[in-house]
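Read the structure below first, then the notes.
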Amino acid sequence: MKRRWSQLLFFAVLVLVFGLVVGGPLSDVSRYGETGVNSTDSVTVTFVGSDGVELGQITGPIADTWTERRTGLSDTESLDPNEGMVFVYEDEGTRAFVMRNMSFPLDIIFVGEDGQITAIYHAAADADRHFSAQARWVIEVNQGYTDTHNVSVGDEVQGLPR
């Protein structure tokens, strides 16, 4: 009888923990909805050339949790011309991105701890490859944005969230 009670208690605790993590207050999905993107937090960042001239600005949501970063823009149909998403990490490291479930192409901009662009990739929708570089932040914008605004590796990004 004692063993049965301990088994029932173990099962109850397991169900409670599972409920908190999957659908409760510990779940990113419960905080941010099904897409995982917190659309209430947005940021405007400015691209500045090596000569100090402003090259352009984008505004968009911040992805700073694991769920938000994993989902990214994959449930988005399109972006406005000066819109994007800023992925935020705690520190600089090697970041790898894929075009999972994307319906439109992107420029993927990797930004180091010092705010300088370390790499730019032009990624086709549903590209079957990883895009990686050293970064503390990664910015996704419509493909062609970096060419149109002359944004290149070594340029600075200002206004990045910490």
Quickly run through the stretch 94-121 and pick out the residues that are in contact with a Gly (Cβ under 8 Å, 6 or more places away or on another chain) and without any contact (Cβ under 8 Å) to a residue 24 or more places away in the chain.
-> none
Qualifying positions in the stretch 65-117 - among the small types (Gly, Ala, Ser) and within 21 Å of Glu156 (Cβ to Cβ) = Gly84, Gly93, Gly112, Gly115
Would you point out the residue of the stretch 124-162, among those that are in contact with a Phe, Trp or Tyr (Cβ under 6 Å, 6 or more places away or on another chain) and more than 12 Å from Gly49 (Cβ to Cβ), that is modelled with the lowest pLDDT?
-> Ala125
Does the stretch 137-145 contain at least one residue that is more than 21 Å from Glu68 (Cβ to Cβ) and surrounded by fewer than 15 Cβ atoms within 10 Å (Cβ to Cβ)?
-> yes
For the stretch 122-141, name all the residues that are within 14 Å of Pro105 (Cα to Cα) and either touching an Asp or Glu at 6+ places or on another chain (Cβ under 7 Å) or small (Gly, Ala, Ser) (or both).
-> His122, Ala123, Ala124, Ala125, Ala127, Val141
Can you work out which of the residues in the stretch 146-162 that are of a type outside the set (Gly, Ala, Ser) and within 11 Å of Val86 (Cβ to Cβ) is surrounded by the most Cβ atoms within 10 Å (Cβ to Cβ)?
-> Val157
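The values are calculated or read from the model by the stated rules, or taken from the named source; none is laboratory data. Note that the structure is predicted; figures quoted are calculated from it, not measured. A quick note on method: Cβ atoms are made from the backbone with ideal geometry, for glycine too, and the neighbour counts reach across all protein chains shown.
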